[in-house]
Amino acid sequence: MKRVKNIIILLLLLAAPSFAPAQGKFMLDADYSLFRYSDTKSVLEVYFNFYHNSFKYAYENNYYVAHAVLGVKLTDEDSKTEIVNKDFMLNMSTTDTSSSKLKNKEISQLTLFIDAGKNYSLILVGSDNKSPARCDTVRFSFSVPVFTVSPARMSNIQLSTGIEKSTNKQSSFYKFGYEVVPNPNSLFGNTIKSLYYYYELYGLKSRLQESEATVNMTVTGLNGDTVIIKKESIKANNDIMSLYGTFGVDTLKSGSYLLKIAVTSGAETIAESEKKFFVFSTAKTNYAITDDEGFLKSEFITLTEQALDDEFDKSLYVRTPSDKNDYEKLKTLDEKRKFMYRFWKKRDASPETPRIEVRDEYFKRLKEANTKFKQSFTEGWKSDRGRIYIIYGPPSEVERHYMEANTKNYEIWTYDNLQGGTMCVFGEIVSTDEGAYYLMHSTIKNELTDNDWKEKLRKM
């Protein structure tokens, strides 16, 4: 069995719907695995994905087209030598840019052949070619093992959303008769209910002389509790063996887990490897139970009661009547701290990370709204323009109409990628110099609709 010898292999795959980030936020997910190529060379596979709704699209030849850029910088840290420093362009197209059609992600794989036994750093910078400032960076540092056949060794574990038998050797996802589709963010749960894993064993036949070995697979939570155990016997029929397995995650609660695989013969461990993964399942998440480790490391543990009350007040646009009722029943400062931590964590698109991105983005927009839309004695975040800005983000375009004959001042905000293209009209109900604008009309679902808005903006 021999690997494809291309120096760089790059493939785009349109994946099934997955967790999409908040609209307008640019995100890059990435992961990597290391495998044997020869006694002196190893295979570095880099998996990454771009989210379709991160990009600005242009209409070209009956399609909406976006261009993703991946900058790759691989450095040999032992010699401080750059191995790769290159940008790759990935083209994406769609016939519909409505939010319901942009929930997919583009999964790709980059394969490099590097020296074994060295230390490397890898920097990946993803960006939108039409707007380079919209970008995200992922960094890795790692040591490359020498995957010998004597003694026996095991490759890294690659996490996958699906593994099938295949004869398509031209696919970048092809490995020894299998199509192994990577999962760059290592996240499973709501839409990916089964976790597939792939790994390789080297030198098992030489070590065991064709006798059987036992593969022990365990999944543990970060607290050390074992939640899944599997064992199977394998025949040591080759010195390079490709193996895979799968298990359901629908029984697991949201959280971080560790997958461990160990190959044993009797009481002796021959080779082993482990891989961290994450589960987010709304059906299995109990937000009445605090994620103690995450909470204790969060800033909520230091917030005063006044700060917590102020934050809850300002969460007006995302909280529910049930949230309000529950918060008002809280008696102690610690209860409020834990409530606000859970409140934002359950709304987070990336619950496996310590940072709560949805909270960061919400208050970033709120701060901007206070600066841009203050009206007389009304704080900017409480104004109609502030509310729309916080909930839906900055508009694609703002059309301002000031000092026009027989018409009160007004603005038209356009959202190109929201619900297939929407707009909001804000106008001065009374002509003043204070800039007090109110929502007059919108095509956003569940917002105020008034097709007579132009007439109402006419000066009497």
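The values are calculated or read from the model by the stated rules, or taken from the named source; none is laboratory data. On a predicted model such as this, the values are computed, not experimentally measured, just so you know. Methodologically, a virtual Cβ is constructed for each residue, glycine included, from the backbone with ideal geometry; neighbour enumeration extends over all protein chains shown.
The residue that is modelled with the highest pLDDT, among those in the range 217-245 that are exposed (fewer than 13 other Cβ atoms within 10 Å of the Cβ) and β-branched (Val, Ile, Thr), is Ile229.
Considering (1) over 25 Å from Phe55 (Cβ atoms); (2) at pLDDT 90 or above; (3) basic (Lys, Arg), the lone condition that Arg359 does not fulfil carries the number (1).
Residues are listed down the side, and each one gets a yes or a no for (1) within 18 Å of Asn446 (Cβ to Cβ); (2) touching a Phe, Trp or Tyr at 6+ places or on another chain (Cβ under 7 Å):
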{"residue": "Ala369", "(1), (2)": "no, yes"}
{"residue": "Arg387", "(1), (2)": "yes, yes"}
{"residue": "Ser396", "(1), (2)": "no, yes"}
{"residue": "His401", "(1), (2)": "no, yes"}
{"residue": "Thr407", "(1), (2)": "no, no"}
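The helices (runs of 4 or more DSSP H) located wholly in the range 305-413 that include 2 or more residues which are surrounded by 19 or more Cβ atoms within 10 Å (Cβ to Cβ) and either outside the structural domain of Tyr437 (by TED's automatic domain parsing) or touching a residue at least 60 places away in the same chain (Cβ under 8 Å) (or both) occupy 384-392. Quick one: count up the residues across the range 267-294 that are at pLDDT below 70 and surrounded by fewer than 13 Cβ atoms within 10 Å (Cβ to Cβ). Final tally of qualifying residues: 6. Would you point out the residue of the range 181-216, among those that are at pLDDT 90 or above and farther than 29 Å from Lys169 by Cα, that is farthest from the chain's Cα centre (by Cα)? The extreme case among them is Ala213.
Collect the residues in the range 52-104 that are in a loop (DSSP other than H, G, I, E, B), at pLDDT 85 or above and surrounded by fewer than 13 Cβ atoms within 10 Å (Cβ to Cβ), keeping them in residue-number order. Once the filter is applied, which keeps residues that are in a loop (DSSP other than H, G, I, E, B), at pLDDT 85 or above and surrounded by fewer than 13 Cβ atoms within 10 Å (Cβ to Cβ), the range 52-104 yields Asp78, Ser79, Lys80.
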